[in-house]
Each structure stands twice: as C-alpha cells, then as structure tokens.
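S.K.: Quick one: this structure, given as structure tokens, is what I'll be asking you about.
The values are calculated or read from the model by the stated rules, or taken from the named source; none is laboratory data. As the structure is a computational prediction, the values presented were derived from the model and not from experiment. Don't worry about glycine lacking a Cβ; one is built from the backbone with ideal geometry, like all the others, and counts go over all protein chains shown. Please note that ligands, DNA and RNA were not included when accessible areas were found on the heavy atoms of the full protein model with its side chains. Shrake-Rupley method; radii C 1.70, N 1.55, O 1.52, S 1.80 Å.
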Amino acid sequence: MPATTSNPIADIFKVPELKRRLGFTLALLAAYRVGATIPTPGINAEALRAFFASQQNTLLGFLNIFSGGAMGRLAIFAMGVGPYINASIIMSLLQGAHVIPYLDRLAKEGQQGQKQMNQITRYLTLALGGLQSFGLTLTISRMQAPGGLPIVVDPSAGWIALTVLTLTTGSVFIMWLGEQITESGIGNGVSLIIFTGIVDRLPSAIADLVRLVKIEEITLFKALFIVALVVVVTGLVVWVETAQRKIPVQYAKRVVGRRMYGGASTYLPLKVDQSGVIAVIFAVSLLAVPVTIATFFPHSVWATRMAKWERGNWIYESVYAGLIIFFCYFYNSVQFNPMDLADNLRKWGGFVPGIRPGEATAKYIEGILARITLGGALFVAAIAVLPDYLRQMLNAPFFFGGTALLIVVGVALDTIGQIQSHLIMRHYDGFFKGGGGFKGRWFNVG
C-alpha cells in the first residue's frame, strides 16, 4: 500500500494535548504583548519616542529592540526577561566555577536540588529586577528628548517608587510567564517571549522599507539586495543550526537468556551549535550590565561614552563576539559531559570503532566537540556582528541585525522540533495501543 501524505499543520489540531499546549502558549504570549504596550503613568509618550529614535544605533536602542519595543514605551514589561537571564547567568557561572559548596550539593540532589536552585534564581531575579528598574527609572527621569522636552512629567520620589515597583513586578511576572510556557506549553518560554518581541516589529519594518522605496529615499535595487541578504543569512543560520557531526557507534552482541541483543550500528549526533540561541541571549544580557551600572552615574565621562556606544564600533563588536564564543563553550561545559557519555556507552555495550572504551572515548568525543564548537561559535559571532557593518555600508535607515535573525530562526527550529516530537510520540502511543493515532500515515505500510 503506498504511503499517504500527511499535513503536519493539520495533525497538530488532531492531537488534543498538543492543541491545548499550543493554545496555552499563544494565550500567555498574547498577555505578554499586551503588557508590553501598556505604558507606566507620568510619561510623555512623544518625548520618550523621540528620545529612543535618537538612540536607534546605540546599545540602548539595541536593548529596546531586544525587549520588543517595551523599553521604548517604558511599558510595565519594559525590563523584559533581562533580570531573569542575568540571574540564570550568575547561577550558571557559580555552579560551573564550584565556588559555593551549597550549590554543588544541590546539583547532586537531582530533581529536588534543581527545584531549590530554581527558587534561588527567582529570588535573584527579583533583586536584579529591582536594581535594574531603579537604574532605568532614574535614567529616564533625567533624560530629555532631542528638542529639550522632558520625558517625565513630574519626576518626584513618589513617581520613582511607583515606577520601580511596577517595572520590578513586571519582570517577575514575565519570569512566571516563561516558566509556565516551558512547563505547560510548547517550546522554551523565555526564548519565545524574546521571539515574539522581535517578530512583532517585523511588519512595521517591512512597511518602512516599502515607504522608503516609494518616496525614493532608497532605490528599489538596494531594497531588493537587502531582502536577498536577509534570505541568504537566514538560510545560513538554518543550515548551521541543523548541522551535525555524526560519530559512529557500534553495539556489541550480547546473549540474554535465549535472545541475542546488540550488534547494531548507529551514530552519536553532535550539533555544530549546541547552545543554539542561548549563547546569543546571554551575550546580549551581559552587555546590558554596563549600561545598568552607568545609569547610577549619569554625569560621569565613562557613562556618557557608554550611552553613545554604537553598534558597528569595533570595541563593541569585539566584546560582543567574544562573549558569544565564551558562552558557546561555557554552555557545552555545563550541559555536556563526555565522560558520562562514554561511561553510558560502555554500560550498554557501545563503542566508537577504533577507539578504546572509557577515558579514550571521552577524550575523543571531547576533542570533536571542541573543534565543532569553535566552528559553530565563530559562525554565530560572525552572523551577529557582520550585518551591523553591512547595514552601515548600505546606509539602511532601519535596523537589520544578525542577532534578531539568530534568535528568530533558532527559537522557531526548537519549537518546531518539540511539536514534531509530540506528534511522533502521539503516533507511537496510538500504534502500541492497537493501531490508533495517525494510522500509519507517517510511514510506508506494506
């Protein structure tokens, strides 16, 4: 019998559990976008918009894009997921450095220890959210629009306290939304929140490009070239994010009772970019730390320079690329243990042909992982920084950056992968229960 075709999109709505998860995810993301459009009271919206328009090419403008435009409105969700990501970075660094014995003990306690570490991360998010909210509130209260118009109508102590409380509460609520999506929805909640903020600005960017072509501010050829460049970069990102280094694995034959097991040949897939978008998100969040510190010293020389630090500056781009490369390796060191993998292979009778089991296999895997991580990290860093220079060369009057593309493509691939996993699990569940599920539509039935 020939295989029938399957429509994965239609199959999603035939699985009640998957349909519920998708609906739950979309509902929480919609709630986040609503909160990202509600401004805090006491703000001159026109002055604030003009101020961030003048900061478009600076690090502050970049952070506004990263927050989905919420910072540019000083919305109740203006802090975004920044405090939570910074708290996660601090916890990961402390855990990886093994400087606090208490965290090491929690790491060895399994699921219960992980719950305790998550709780510590939440408290740290609250503290960082309050600190960053206070710094942002002070900065906005002292800033003026390019025409000299004050951004805050009445920057009193009461307004500062109310705004700090509002922004801090918003950051904690966003953390909760992300956790709920991860646990009960589809995909990584924090990544999806960043994803929706970036995608939300896509229609306006397309409309701006069309408008600029109509008024002949840029030529049609240049606009088409920019679109083609975006398509090419997107294709390269998809190619690298799905690239794997396959290590062959052979399983020895074993006789258990009257049956023989093993003898199969398979492979161990190692992704070229193991960290995905995590390294990029961590790097962006860490870049925001100096800006936060500078808000407490607004009249100092270095704070003024920091506020005017533009993308395309070689110092900024070098630091950004270096952070991405560092976090690619750091993520692998925390999440991937070659020795444990080698021990598991030996336990189940598996081995890499030509490599002795145990420590030799661990060193072999570690060497391959180090080489492919270098290639993946250099590619991700190049995609993150090179579009900034291309945008300057083309004199594009709108934002075009590889960071947004990396996040959008990476999160989309991860979410699609999770949806496919749910569909496959549903199929096998129906298959083992007597031929239910998708009734063999995913396979050739002879």
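S.K.: What is the gain in length, in nm to one decimal, between L374 and E17 on full extension, counting 0.36 nm per residue of separation less the C-alpha to C-alpha distance?
M.R.: Numbers: separation 357, 0.36 × 357 = 128.52 nm, distance 3.93 nm.
Here the answer is 124.6 nm.
S.K.: At a probe size of 1.4 Å, how large is the accessible area of I218, to the nearest 10 Å²?
M.R.: Looks like 10 Å² after rounding.
S.K.: Between L165 and Q180, what length comes free when the chain is fully extended (0.36 nm per residue of separation minus the Cα-Cα distance, one decimal in nm)? Don't jump to the answer; show the numbers that get you there.
M.R.: Numbers: separation 15, 0.36 × 15 = 5.40 nm, distance 2.26 nm.
Here the answer is 3.1 nm.
S.K.: Moving on. Rank these by accessible area, largest first, 1.4 Å probe: S333, S275.
M.R.: S333, S275
S.K.: How much solvent-accessible surface does D154 expose, in Å² to the nearest 10, with a 1.4 Å probe and all protein chains in place?
M.R.: Accessible area of D154: about 100 Å².
S.K.: Also: Set the Förster distance to 30 Å, then compute FRET efficiency between T37 and M339 from the Cβ-Cβ distance, nearest 0.05.
M.R.: My answer for the efficiency is 0.05.
S.K.: Which net charge results for the neighbourhood of H98, defined as the other residues with beta-carbon distances under 13 angstrom from its beta-carbon, given Lys and Arg at +1 and Asp and Glu at -1?
M.R.: Every neighbour counted, the sum reads +1.
S.K.: Suppose R0 equals 45 Å. What FRET efficiency, 1/(1 + (r/R0)^6) with r the Cβ-Cβ distance, do A228 and R105 give to the nearest 0.05? It would help to have the intermediate numbers written out before the result.
M.R.: Working: r = 54 Å, r/R0 = 1.21.
Once the sixth-power term is evaluated, E becomes 0.25.
S.K.: So, one more: With an 8 Å Cα cut-off and a minimum separation of 6 or more residues, compute the relative contact order for the range 151-288 in percent.
M.R.: 12
S.K.: Using the beta-carbon distance between Y123 and E217 and R0 = 56 Å, what value does 1/(1 + (r/R0)^6) give for FRET efficiency, to the nearest 0.05?
M.R.: Values: r = 50 Å, r/R0 = 0.89.
The computed FRET efficiency comes out at 0.65.
S.K.: Here's a follow-up. For the range 80-233, with every protein chain kept in place, what is the accessible area per residue (1.4 Å probe, Å²)?
M.R.: Heavy-atom SASA per residue in the range 80-233 reads 52 Å².
S.K.: I want to check the label-to-label distance for V319 and V210. Put each point 7 Å from Cα in the C-beta direction and report it in nm to one decimal.
M.R.: According to this spin-label approximation, the distance is 3.9 nm.
S.K.: Would you kindly state how much longer the chain becomes between I293 and E359 on full extension, computed as 0.36 nm times their sequence separation minus their alpha carbon distance, in nm to one decimal?
M.R.: Difference between extended and current length: 19.2 nm.
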